[in-house]
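Colleague: Got a structure for you, written out below as structure tokens; questions coming shortly.
The values are calculated or read from the model by the stated rules, or taken from the named source; none is laboratory data. Everything numeric here is computed off the predicted structure, so don't read it as measured data. Cβ: placed from backbone, ideal geometry, glycine included. Neighbour counts: every protein chain shown.
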Amino acid sequence: MFLALREMRFAKARYILIAIIMVLVAFLVLFVTGLAQGLAYDNAASVKNMAATHFVMEDNSNHRFTRSQIDEEQLDAAAAVVGDQNVEPLGVSMTTVIPEGETVKLDITLLAVRPEGWLMPELTSGTKFSDLSKRYVLVDQSMAEDGIDIGTVLVDQASGAEWTVNGFVANESFSHTPAVFLSEQDWIDLQMQSPGHPGADEAASNTRYNAIAVKDSADQLTHLQEVLPGTEIITKSEAISAIPGYKEEQGSLLMMIGFLFAISAFVLAVFFYVITIQKTSQFGILKAIGTRTSYLAKSVALQVLVLSVGSLALSILIVQLFKAVLPDSMPFQLGWLTMVITSVSFIVMSLGGSLFSVWKVTKIDALDAIGRTAA
Amino acid sequence: MRHLLELQQITQTFEDGGSERKILDNLNLEVSEGEIIAVMGPSGSGKSTFLSIAGALLAPTGGDVRLEGTSILNRSKLELSELRLRKIGFIFQSANLIPYLKVQEQLQLVANLAGQVKAQSAKRSAELLRKMDLSHRLQAYPDKLSGGERQRVAIARALMNDPAVLFADEPTASLDAARGLDVVNLIAQQVRGQAKSAVIVTHDERVLPLCDRVLFLEEGKLVAGK
């Protein structure tokens, strides 16, 4: 690797220029990946935050929480199979609320959970609701920007139900709308007001949820499916993909990332190809004095490797800086695992881009060093 | 006397616009230890082809090339590359040093390729460059050297792996008379001092007195000078 590094030392300006372009491309790859992940999280944070591994939903609901309906009996049957502590009922409803005394309307998602259950999120401020304190809700922190505070009364546009904000939770959203948590009892009350549930008695005996969250029961899923006809058990990630807009959004972003990868590989390939062609006679001389082709090919590949790893390291630093200064309205998330996967793919793509140059190097003839042999 | 390089019945033909052209025709050459051969001839007489074949860069259409008594025909590219690295030293027309290596690194590169350890190659390269009177230039890049200095670095590089045969392709072409003579003198000293062989392809008649034999490439054959 004698040649590769010394050449970079000698032609600093040239390699720094290439490195700058690679830093920019790598930065863009990481940045868009972070934004995609941030959006994904923002879109489905509440579901992602849930400790559940699987969800039981109604057949033909296309894995969508809002389309599925599950009743009390099914919940009991599920609890009987995997144990009471491993199932939780979940109500999901997208609606519009108006803070009392104001005219703005806010789109929110109601998430009904058991107050003492494991779907209940951590509070950042305020107090938890208990079964006794009816008509209280916990709202996502982002709603504070809309003037919502503890004690604000939210009026549901569809049903007219009123809830008082009792506390805030962090990073809770569903389909890009802030999540509003209400207790199981309030959910039942809300159901009674909807058409199709005229009598209180009937509603009480036939409470409807949207899904059952299941955890720690991977080995009993087949059994669970047997006792719950007319339902399907889906994984958490399947449920997330089915959240309205999630798949489309991620598809577009993934496309951008894919193109960035392809472009970076192409840019590198062209750069190195041009440099390699410029050095044809030099490679010819090196071959004439006995340099193995594999040595030269390795030399080219090593330069690409050094450039891509160095550029990546620098762009990771820049991304971290950006992350620190980005506003909340631009959700950004880049975990270590994603970063490692992205980095490795970037390096692999870069090396792929250098293959053309390596191939060119193998084609160079040592005879070039002696000049035209055909007289 | 041992022959380090033997060319036996070398024939080389090229396809040229449908007709066959014979560049070398039953060419024979034997070079002994410590012997320096000058090869002259007008341009187009096949000097480059002769050098390429003798230097294991090109396989002849017919005939045999023997280096230190063993044939180098029918070898793989990798074996030929190894052969050029260890047994053959090339000195090109315009030095052809690697622009991004310092003088000493030019020599260490070939030692490195041959698997020599660094301490050893550092010592040997410094020693060779001292003989070439370049001790003060070890850390210079080629573009800072004069033409004569560059050619002396090229000689040192060719000698670095202690080859059996040196090939020089017009080594004085880019130098003035005095420096050209110096360079060939240095080659001659090294070859005679270490019992190597050298083949110098040249146009420069001033260097001929330093050579043991002068051959002319005429009609595809090497003939002795008149």
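Colleague: Please specify each residue of the stretch A:266-290 satisfying the condition of being of a type outside the set (Gly, Ala, Ser) and either over 24 Å from residue A:13 (Cα atoms) or touching a Pro at 6+ places or on another chain (Cβ under 8 Å) (or both).
Modeller: Within the stretch A:266-290, A:282, A:285, A:287, A:289 qualify.
Colleague: Of the conditions (1) surrounded by 19 or more Cβ atoms within 10 Å (Cβ to Cβ); (2) within 14 Å of chain B (Cβ to nearest Cβ), residue A:281 clears all except one; give me its number.
Modeller: (1)
Colleague: Continuing with this model, one more query. Being within 12 Å of another protein chain (Cβ to nearest Cβ) and surrounded by 16 or more Cβ atoms within 10 Å (Cβ to Cβ) is the filter; apply it to the stretch B:133-158 and report the residue that is nearest to residue B:95 (Cα to Cα).
Modeller: Within the stretch B:133-158, the match that is nearest to residue B:95 (Cα to Cα) is B:154.
Colleague: Let me ask you something else. Scan the stretch A:71-82 and tell me whether some residue there is outside any helix (DSSP H, G or I) and within 26 Å of the chain's Cα centre (by Cα).
Modeller: Taking every residue of the stretch A:71-82 in turn, none turns out to be outside any helix (DSSP H, G or I) and within 26 Å of the chain's Cα centre (by Cα).
Colleague: Whether any residue in the stretch A:263-273 is of a type in the set (S, T, N, Q), within 14 Å of chain B (Cβ to nearest Cβ), in a helix (DSSP H, G or I) and out of contact with any strand residue (DSSP E or B) (no Cβ under 9 Å at 6 or more places or on another chain) is what I want to check.
Modeller: The answer is no; no qualifying residue exists.
Colleague: From (1) touching a Phe, Trp or Tyr at 6+ places or on another chain (Cβ under 8 Å); (2) farther than 20 Å from residue A:14 by Cβ; (3) of a type in the set (Val, Ile, Thr), pick out the condition that doesn't hold for residue A:293.
Modeller: With (1) touching a Phe, Trp or Tyr at 6+ places or on another chain (Cβ under 8 Å); (2) farther than 20 Å from residue A:14 by Cβ; (3) of a type in the set (Val, Ile, Thr) applied to residue A:293, the lone miss is (1).
Colleague: More than 11 Å from chain A (Cβ to nearest Cβ), buried (at least 22 other Cβ atoms within 10 Å of the Cβ) and either touching a Leu at 6+ places or on another chain (Cβ under 9 Å) or modelled with pLDDT of 90 or more (or both), is that true of residue B:110?
Modeller: Criteria not met by residue B:110.
Yes/no per residue for (1) in a strand (DSSP E or B); (2) within 28 Å of residue A:40 (Cβ to Cβ):
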| residue | (1), (2) |
| --- | --- |
| A:128 | no, no |
| A:137 | yes, yes |
| A:143 | no, yes |
| A:148 | no, yes |
| A:171 | no, yes |
| A:185 | no, no |
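Colleague: A further question on this structure: If you take the residues in the stretch B:1-18 that are outside any strand (DSSP E or B) and in contact with a strand residue (DSSP E or B) (Cβ under 7 Å, 6 or more places away or on another chain), which one is farthest from the other protein chains (Cβ to nearest Cβ)?
Modeller: Looking at the filtered set, the residue picked out is B:1.
Colleague: As an exercise: evaluate residue A:285 against (1) over 44 Å from the mean Cα position of the chain (by Cα); (2) β-branched (Val, Ile, Thr); (3) at pLDDT below 85; (4) assigned to a helix (DSSP H, G or I) and give the number of the one condition it does not meet.
Modeller: Unmet condition: (3).
Colleague: Say whether the condition of being crowded, with 18+ Cβ neighbours inside 10 Å, closer than 26 Å to residue A:368 by Cβ and within 13 Å of chain A (Cβ to nearest Cβ) is met by at least one residue in the stretch B:172-188.
Modeller: no
Colleague: Scan the stretch B:25-38 residue by residue and report those that are of a type in the set (A, V, I, L, M) and in contact with a helix residue (DSSP H, G or I) (Cβ under 6 Å, 6 or more places away or on another chain).
Modeller: Answer for the stretch B:25-38, where residues must be of a type in the set (A, V, I, L, M) and in contact with a helix residue (DSSP H, G or I) (Cβ under 6 Å, 6 or more places away or on another chain): B:36, B:38.
Residues checked against (1) more than 30 Å from residue B:43 (Cβ to Cβ); (2) of a type in the set (A, V, I, L, M):
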{"residue": "A:306", "(1), (2)": "yes, yes"}
{"residue": "A:320", "(1), (2)": "yes, no"}
{"residue": "A:323", "(1), (2)": "yes, no"}
{"residue": "A:333", "(1), (2)": "yes, no"}
{"residue": "A:346", "(1), (2)": "yes, no"}
{"residue": "A:357", "(1), (2)": "yes, no"}
{"residue": "A:366", "(1), (2)": "no, yes"}
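Colleague: Every residue in the stretch A:1-32 that is in contact (Cβ under 8 Å) with a residue 40 or more places away in the chain and either within 14 Å of chain B (Cβ to nearest Cβ) or farther than 23 Å from residue A:306 by Cα (or both), please.
Modeller: Of everything in the stretch A:1-32, those that are in contact (Cβ under 8 Å) with a residue 40 or more places away in the chain and either within 14 Å of chain B (Cβ to nearest Cβ) or farther than 23 Å from residue A:306 by Cα (or both) turn out to be A:1, A:3, A:4, A:5, A:7, A:8, A:14, A:15, A:32.
Colleague: Could you list all residues from the stretch B:168-217 that are among the charged types (D, E, K, R) and at negative phi?
Modeller: Passing the criteria: B:169, B:176, B:179, B:182, B:192, B:196, B:204, B:205, B:206, B:212, B:213.
Colleague: For the stretch A:285-310, give me the residue count where each residue is crowded, with 16+ Cβ neighbours inside 10 Å and either facing chain B (nearest Cβ under 9 Å) or touching a His at 6+ places or on another chain (Cβ under 7 Å) (or both).
Modeller: 10
Colleague: Please enumerate the residues belonging to the stretch B:62-89 that are of a type in the set (Ser, Thr, Tyr) and exposed (fewer than 15 other Cβ atoms within 10 Å of the Cβ).
Modeller: Passing the criteria: B:70, B:71, B:76.
Colleague: To continue, here is another question. Test of understanding: among A:324, A:313, A:262, which residue is surrounded by fewer than 18 Cβ atoms within 10 Å (Cβ to Cβ), of a type in the set (Gly, Ala, Ser) and under 30 Å from residue A:145 (Cβ atoms)?
Modeller: A:324
Colleague: Going through the stretch A:216-250 one residue at a time, which ones are part of a loop (DSSP other than H, G, I, E, B) and touching a residue at least 24 places away in the same chain (Cβ under 8 Å)?
Modeller: A:216, A:217, A:228, A:230, A:242, A:243, A:244, A:245
Let's see how each residue does on (1) of a type in the set (Ser, Thr, Tyr); (2) surrounded by fewer than 16 Cβ atoms within 10 Å (Cβ to Cβ); (3) on the phi < 0 side of the Ramachandran plot; (4) within 11 Å of chain A (Cβ to nearest Cβ):
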{"position": "B:24", "(1), (2), (3), (4)": "no, no, yes, yes"}
{"position": "B:27", "(1), (2), (3), (4)": "no, no, yes, no"}
{"position": "B:30", "(1), (2), (3), (4)": "no, yes, yes, no"}
{"position": "B:34", "(1), (2), (3), (4)": "no, no, no, no"}
{"position": "B:40", "(1), (2), (3), (4)": "no, no, yes, no"}
{"position": "B:46", "(1), (2), (3), (4)": "no, no, no, yes"}
{"position": "B:91", "(1), (2), (3), (4)": "no, no, yes, yes"}
